[in-house]
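Notes to accompany the following structure.
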Amino acid sequence: MDFCLSSVIRNTMQILKLQSVDISRNQSDVPRRHFAVYVGDTERKRFVVPISYLNHPSLQDLLHQAEEEFGFDHPTGVLTIPCKEETFVDLASRLNHL
């Protein structure tokens with residue numbers, strides 16, 4: 001069971017890493033029904049995730065934390081979630097399997 005869970009997390013991380021790109025990329029690479037989010041406390045990575053994730057309370061909590069830290073007027077003008085990359089990958093993994 002533990003081996004299976006590790007495999008699922010590893011596969012999800014690979015998928016998210018493939019979707020992760022440099023901050024310098026523009027919005028045109030975001031597929032329909034997806035959004036880009038930058039994740040990290042200091043070094044930020046960009047992930048492209050389905051809009052359906054916005055309905056999940058766990059992601060809503062992270063967005064609430066981002067609102068408290070940055071407000072709606074973030075200096076870079078991008079959606080940024082101030083959490084560890086591993087935390088976001090774990091959440092995305094769980095949401096991907098719902």
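Observations
- Region 57-90, residues that are open to solvent by 20 Å² or more (accessible area, probe 1.4 Å), in contact (Cβ under 8 Å) with a residue 40 or more places away in the chain and either in contact with a Leu (Cβ under 7 Å, 6 or more places away or on another chain) or of a type in the set (D, E, K, R) (or both): K84, E85, D90
- Comparison of S93, S52 shows that the only residue that is surrounded by fewer than 14 Cβ atoms within 10 Å (Cβ to Cβ), among the hydroxyl-bearing types (S, T, Y) and at pLDDT 90 or above is S52.
Per-residue answers, yes or no, for (1) of a type in the set (D, E, K, R); (2) at pLDDT 85 or above:
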{"site": "L18", "(1), (2)": "no, no"}
{"site": "R33", "(1), (2)": "yes, yes"}
{"site": "G40", "(1), (2)": "no, yes"}
{"site": "L59", "(1), (2)": "no, yes"}
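The values are calculated or read from the model by the stated rules, or taken from the named source; none is laboratory data. Owing to the predicted nature of the structure, the values given are computational and were not obtained by experimental measurement. For neighbour counting, all protein chains shown are included, and Cβ atoms are generated from backbone atoms with ideal geometry for every residue, glycine included. To get the accessible areas, we keep the full protein, side chains included, count just its heavy atoms, and leave off ligands, DNA and RNA. Shrake-Rupley method; radii C 1.70, N 1.55, O 1.52, S 1.80 Å.
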